[in-house]
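Working notes, beginning with the structure itself.
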Amino acid sequence: MGIVNPGFSGRGREADSRLPPGQYETRDFPVLSAGPTPNIHPGEWQFTITDEAGRVKRWTWEEFRALPVETVETDIHCVTRWSKFDTEWRGVSLDTLFAEVQTAADYTMVHSFGGYTTNLPLEDLLDGQAWIAFEVDGEPLDDEHGGPARLLVPHLYFWKSAKWVRGITMHDSEELGFWELNGYNAYGDPWKEQRYYYD
Ligand SMILES: Nc1nc2c(c(=O)[nH]1)N[C@H]1C(S)=C(S)[C@@H](COP(=O)(O)O)O[C@H]1N2
Ligand SMILES: [Mo]
């Protein structure tokens, strides 16, 4: 009692409480991609939401960029154990996009240019929890980090934040995406350390 360990003062203590179990802080911005990096011109970019009946809502880059933009400051957590604090993103809230879609389905699959997929419950994309981001730390997203636009879902492990995002499909039951089919957790809450399917 009453013993102060200087190693746990200041930023150290703050960092500890912001760090999910099993993670360490990095100041870098590592690149993790399962395949080659596509180069997508905004002119060929479009984003679609397809409901469970196959009805498609589509935004061109121009239409997407005319939507209201939000700035999000957040920590991100990769399942390979790095976390990065205070990243600043600009993007369009999924609430804004889903306001134009009628769906009764509870599950989504997010699709990227290049074929990557990841699954999320719809409720994790709504209520100010997810964005289609096109800028990070004051710069347009470069190709390696998912430009021109990527999903940002910071409350789940970062593999859910699909780079080069091109659309979302709605499903009545849970389907599994790329990493989720390869042994990673279907949900991926970093605070519960849901890394692998058995966690
Ligand atoms: N399309 C696509 N999105 C992806 C990935 C990928 O391989 N392809 N990797 C995921 C993983 S595992 C992580 S940790 C983050 C890495 O994003 P970064 O390269 O910008 O750090 O992107 C996620 N989104
Ligand atoms: Mo990752």
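Tell me, which residue of region 157-194 that is hydroxyl-bearing (Ser, Thr, Tyr) and more than 7 Å from ligand 1 (Cβ to nearest atom) is farthest from residue 60 (Cα to Cα)? First the steps, then the outcome.
So in region 157-194, the residues hydroxyl-bearing (Ser, Thr, Tyr) come out as 157, 161, 169, 173, 184, 187.
If we keep only those that are more than 7 Å from ligand 1 (Cβ to nearest atom) too, we end up with 157, 169, 173, 184, 187.
Working: 157: 28, 169: 17, 173: 29, 184: 32, 187: 30 Å.
Here the residue is 184.
From the list 75, 124, 86, which one is within 16 Å of ligand 2 (Cβ to nearest atom) and under 23 Å from residue 20 (Cα atoms)? Even if it seems obvious, please write down each step before you answer.
Values: 124 fails: within 16 Å of ligand 2 (Cβ to nearest atom); 86 fails: within 16 Å of ligand 2 (Cβ to nearest atom).
Only one candidate passes the filter, namely 75.
Taking region 162-184 on its own, how many of its residues are surrounded by fewer than 23 Cβ atoms within 10 Å (Cβ to Cβ) and either within 15 Å of the chain's Cα centre (by Cα) or under 11 Å from residue 112 (Cα atoms) (or both)?
Here the count works out to 6.
Which one is surrounded by the fewest Cβ atoms within 10 Å (Cβ to Cβ) among residues in region 70-114 that are closer than 15 Å to residue 48 by Cα and small (Gly, Ala, Ser)? Spell out how you get there, then give the answer.
Our first condition is that a residue be closer than 15 Å to residue 48 by Cα; within region 70-114, this holds for 92-103, 108-113.
Filter once more, keeping what is small (Gly, Ala, Ser): 93, 99, 112.
Details: 93: 21, 99: 10, 112: 23.
Per the criteria, the residue is 99.
Computed from the coordinates by the stated procedures, all read-outs in this text should not be read as laboratory data. These numbers were taken from a predicted model, which means no experiment stands behind them. Quick reminder, even Gly has a Cβ in these numbers, built from the backbone with ideal geometry, and neighbours come from all protein chains shown.
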